[in-house]
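**Student:** Sharing a structure, written as structure tokens. Questions coming.
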């Protein structure tokens, strides 16, 4: 498998030891619900993890929670509560939205507040070896001490000063130096004891300490959104190499931005959407499909029209699975015919084509196109009313596995009332045979209210969810 490496600006072969991929992805700062841009990071790297596991790798996946930060302190003050209470609330809300989006829990979800000893130890090392300096109670990384600073984002110092989110502070030697440890500003602010007085970690250092704690040195993949390449990931590279003497990650992956109606998403423009906002109108799986349908490095545009298109596309994929399941339950048996064998062979060939797309820089766009072609093959085969049970079972197993891989399978909750629905459909069919059209119409209306559409076909009635 080859992945585009931000560090080398080329596709690099994924090479791992002991068949185990060690992957770290930056998680949310938990002061609010996460937005649609955050969701792209979480869904993209969840999908990468799923695919690596599908291909037989063991994946040790770490995603952090930043649970102490200026934003949390401000939110706690606004709500008259504590930083820890704010963090607990929004970590819980994260898992609700993540579950809806089909995001698997990470192997480890470390928190900044639980990693303070490791953070302090790493900062002490940087001070000792001359890569950091103390100014008052603050500790800053000295970027001029690291000659390769800028190698990840491919920026020189002038670009960094002009284009970065630089904190202007007269206590720093250079404007682009960054805080490793922040002195407590007031008695009410959350803080820990340290060699430099009471304070708390800077943002960048927590990720380096967590990687080292849970994954060791030189991990296989480090991921995040494009906006994190500089300064956050650049700072991680610098402080980690200076503290450990080793590279942080072999491959750096960054997904593209999300625009809203072709404009950059921002609170100031009023086009800022949390996933919870979007999920009020669209199913979480629609959001997941929308986020996976383009190539991960491409920018993606969010709009109501595009979400509607995603909804329709997902329904086509899931209708194929539901139709297969329905036909399989009612199949009469029989051996696989030559035509059915050819269909299964074509499904296998398309699956290999899908795998090739995923192996070439994780191309979910082309991979999902292959899944649609497989659905087309199956739908054509289902046109034969005499499809064998053996064929239907094999086709369902192959197709269902692909939807599970992408996290787009028909939800089990939606299938819970399937027996009742089928009983009503059978009752309606019997009513029509007895020319009791009033009862047949009543049943259709009942099912319609539950979002069930009945289609009368030459092979008999079929139902699907609206």
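**Student:** Looking at residue 217, is it under 24 Å from residue 21 (Cβ atoms), touching a helix residue (DSSP H, G or I) at 6+ places or on another chain (Cβ under 6 Å), in a loop (DSSP other than H, G, I, E, B) and assigned by TED's automatic domain parsing to the domain that holds residue 52?
**Tutor:** yes
**Student:** Within segment 323-336, is even one residue closer than 30 Å to residue 93 by Cα and touching a residue at least 24 places away in the same chain (Cβ under 8 Å)?
**Tutor:** Within segment 323-336, none of the residues are closer than 30 Å to residue 93 by Cα and touching a residue at least 24 places away in the same chain (Cβ under 8 Å).
**Student:** Of all residues in segment 53-62, count the ones that are out of contact with any helix residue (DSSP H, G or I) (no Cβ under 8 Å at 6 or more places or on another chain) and touching a residue at least 24 places away in the same chain (Cβ under 8 Å). Before you say what the answer is, go through the steps one by one.
**Tutor:** Of the residues in segment 53-62, the ones out of contact with any helix residue (DSSP H, G or I) (no Cβ under 8 Å at 6 or more places or on another chain) are 53, 56-58.
Keeping just the survivors that are touching a residue at least 24 places away in the same chain (Cβ under 8 Å) gives 56-58.
Number satisfying all stated conditions: 3.
**Student:** In the set 440, 356, 395, 401, which member is in a helix (DSSP H, G or I), surrounded by 14 or more Cβ atoms within 10 Å (Cβ to Cβ) and at pLDDT 95 or above?
**Tutor:** It is 395.
**Student:** Which residue pairs have Cβ atoms under 8 Å apart, sit 6 or more places apart or on different chains, and have a first residue in segment 364-389 that is closer than 13 Å to residue 403 by Cα and a second that is part of a loop (DSSP other than H, G, I, E, B)?
**Tutor:** As it stands, the answer is 364/293; 364/294; 364/295; 364/296; 368/293, since those pairs meet every condition given.
**Student:** Hey, another quick one. Inside segment 29-51, can you point out the residues that are buried (at least 23 other Cβ atoms within 10 Å of the Cβ) and more than 12 Å from the chain's Cα centre (by Cα)?
**Tutor:** Once the filter is applied, which keeps residues that are buried (at least 23 other Cβ atoms within 10 Å of the Cβ) and more than 12 Å from the chain's Cα centre (by Cα), segment 29-51 yields only 30.
**Student:** Just checking, does segment 65-85 include any residue being touching a helix residue (DSSP H, G or I) at 6+ places or on another chain (Cβ under 8 Å), under 23 Å from residue 20 (Cα atoms), in contact (Cβ under 8 Å) with a residue 60 or more places away in the chain and not in a helix (DSSP H, G or I)? Let's see the steps before the verdict.
**Tutor:** Going through segment 65-85, the residues touching a helix residue (DSSP H, G or I) at 6+ places or on another chain (Cβ under 8 Å) turn out to be 65-69, 72-73, 75-76, 79, 82-85.
Then drop every residue that is not under 23 Å from residue 20 (Cα atoms), which leaves none.
No, every residue in segment 65-85 fails to be touching a helix residue (DSSP H, G or I) at 6+ places or on another chain (Cβ under 8 Å), under 23 Å from residue 20 (Cα atoms), in contact (Cβ under 8 Å) with a residue 60 or more places away in the chain and not in a helix (DSSP H, G or I).
**Student:** Would it be correct to say that residue 58 is in contact with a strand residue (DSSP E or B) (Cβ under 6 Å, 6 or more places away or on another chain), surrounded by fewer than 16 Cβ atoms within 10 Å (Cβ to Cβ) and farther than 14 Å from residue 204 by Cα? Before you say what the answer is, go through the steps one by one.
**Tutor:** On the way: in contact with a strand residue (DSSP E or B) (Cβ under 6 Å, 6 or more places away or on another chain): yes; surrounded by fewer than 16 Cβ atoms within 10 Å (Cβ to Cβ): yes; farther than 14 Å from residue 204 by Cα: yes.
Judged against the criteria, residue 58 is a match.
**Student:** Can you confirm whether residue 362 is assigned to a loop (DSSP other than H, G, I, E, B) and either touching a helix residue (DSSP H, G or I) at 6+ places or on another chain (Cβ under 9 Å) or outside the structural domain of residue 339 (by TED's automatic domain parsing) (or both)?
**Tutor:** On the way: assigned to a loop (DSSP other than H, G, I, E, B): yes; either touching a helix residue (DSSP H, G or I) at 6+ places or on another chain (Cβ under 9 Å) or outside the structural domain of residue 339 (by TED's automatic domain parsing) (or both): yes.
Here the answer is yes, as residue 362 does meet what is asked.
**Student:** Looking for whichever is farther than 29 Å from residue 264 by Cβ, part of a helix (DSSP H, G or I), touching a residue at least 60 places away in the same chain (Cβ under 8 Å) and not assigned by TED's automatic domain parsing to the domain that holds residue 360 here; the options are 50, 40, 22. Which one fits?
**Tutor:** When all the criteria are applied, what remains is 50.
The values are calculated or read from the model by the stated rules, or taken from the named source; none is laboratory data. Not measured: the values here are computed from a predicted model. Here Cβ is always computed from backbone atoms with ideal geometry, including for glycine, and neighbour counts include all displayed protein chains.
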